[in-house]
Amino acid sequence: MRFRPGTVAPVLFLMAVPMLGAFSAIGAQTNAPAAPKTAIMLTQVAEGLERPWGLQFLPDGRYLVTELPGRLRVVGKDGSLGAPITGVPEVYAKNQGGLLDVALAPDYIDSGTIFLSFSQLRGNGASATAVARGKLTLDGASGKLTDVKVIFQQEPPVPGSDRHFGSRIVVTPDGNLFVTTGDRGDRPDEAQNPASTIGKVLYITQDGKPALPSPAGEGWNPLVWSIGHRSVQGAAYDADKGVLWTVEHGPQGGDELNLTEKGKNYGWPVITYGIDYSGAKIGDGVQEKEGLEQPVYHWTPSIAVSGVLLYTGDLFPEWKGNLLAGALKYMQVQRLVIEDGKVVQHEVVADDIGQRVRDVRQGPDGAVYLLTDERNGRIVRMEPAATE
């Protein structure tokens, strides 16, 4: 079923440190049993966004959206697009690079502080993932970003690569940030180097300093939370349980859902459930190895997993505690039912909506909002279908 623009479509488809470690991965799983089908309705909220990447809700219910070419916009509740916000850092907008995620500080109402992740040109053709902090001041549908400070720069920068930047930002209740980075495509072995920030999940303060009181492991960069990641495209923090869920792209096969714990190694590129696009093996050509973490769940073949949401709302009460993951390749959203750290059921809740799903967010009304990564990108609202 394709979502048609401008329509409503009812669809029925057959310095505190987080206390991560409440669950443990129980082997790698794929193709979980089918969950009961959910009747949903999709409604277009806005269109005309150019390759939107990150979505957040402002306190007044409007939307704050990044566009890959380097624009940050406010989108009205009526779907109107505001003028690009001034003061946004210059981005390296090429292929997978550009303006990526956006997040609001816990004290945003008082401080106006937001965080942006982006790909940054670093000289001599090298680029890297970066994170900036700034103060957002809005004047109607327009606004400006001031007091901008780059608080993180991925090291080392990589020359000639325009892919695998990551990058999601998750702000924890205490105000610290999880930041995800990619392996940059041409430097996969760096994901295994704990001293670098390539192919990692980081845990930093709002000033970019280490949020951990001491490094997570011997020889580890003090900013690094976990290692062995290819390109983390989605992250969701469960504040009640103190756990961080991440999803990342595999190569040809082997997209992963990980329960991402401090000091753990998630294997890339030594182990993977995927193969190279040439058909060759990757790393050691194995799927398991002692000392390397297994994903909680993997998608083989790949769905090109994107944003991930831990649902906590009341609009879909049966979804509470479930994960909702977007898919670029299949233009869909998948629901994963989690019990004791294991995926026990799976449902495709929005199948082939006609555009690549880049981000998945829960709105203040409990509805689920999708951001589609297209040249005419959209915000789409997902809610329960009316029953007779």
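The values are calculated or read from the model by the stated rules, or taken from the named source; none is laboratory data. Keep in mind that what you see is a predicted model, and the values were worked out from it rather than measured. No Cβ is skipped: glycine too gets one built from the backbone with ideal geometry, and neighbour counts run over all protein chains shown. Just the protein is used for accessible areas: all its heavy atoms, side chains included, with ligands, DNA and RNA removed. Shrake-Rupley method; radii C 1.70, N 1.55, O 1.52, S 1.80 Å.
Table for the structure above
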item	result
Listed values (1) 29, 26, 20; (2) 41, 22, 20; (3) 37, 22, 20, entry calculated as semi-axes √(5λ) of the Cα gyration tensor in Å	(1)
Residue 39-residue 124 FRET efficiency (beta carbon distance; Förster radius 41 Å; 0.05 resolution)	0.15
Sequence-distant lysines (8 or more away, or on other chains) whose Cα lies within less than 19 Å of residue 281	289
Rg over Rh [alpha-carbon atoms, Kirkwood Rh] for the range 271-382	1.03
Apportionment of accessible area to carbon and sulfur, the chain, percent (1.4 Å)	48 percent
Karplus (6.51, -1.76, 1.60) ³J(HN,Hα), θ = phi - 60°, over the range 221-235, in Hz, Gly and Pro reported as x	4, x, 7, 8, 8, 8, 10, x, 10, 8, 7, 6, 9, x, 8
Net dipole in debye of the chain [+1 Lys, Arg Cβ; -1 Asp, Glu Cβ; about Cα centre; nearest 20]	740 debye
Full-extension gain in nm, residue 276 to residue 329, via 0.36 nm per residue minus C-alpha separation	17.3 nm
Two-site label geometry, residue 32 and residue 318: point separation in nm, points 7 Å out along Cα→Cβ	1.5 nm
Extension gain, residue 289 back to residue 80 (0.36 nm per residue minus Cα-Cα distance, nm)	70.1 nm
Distance (nanometres) between label positions extended 7 Å along Cα→Cβ at residue 57 and residue 111	2.2 nm
Whole-number accessible area per residue in Å² for the chain, which is evaluated in the context of all protein chains at 1.4 Å	39 Å²
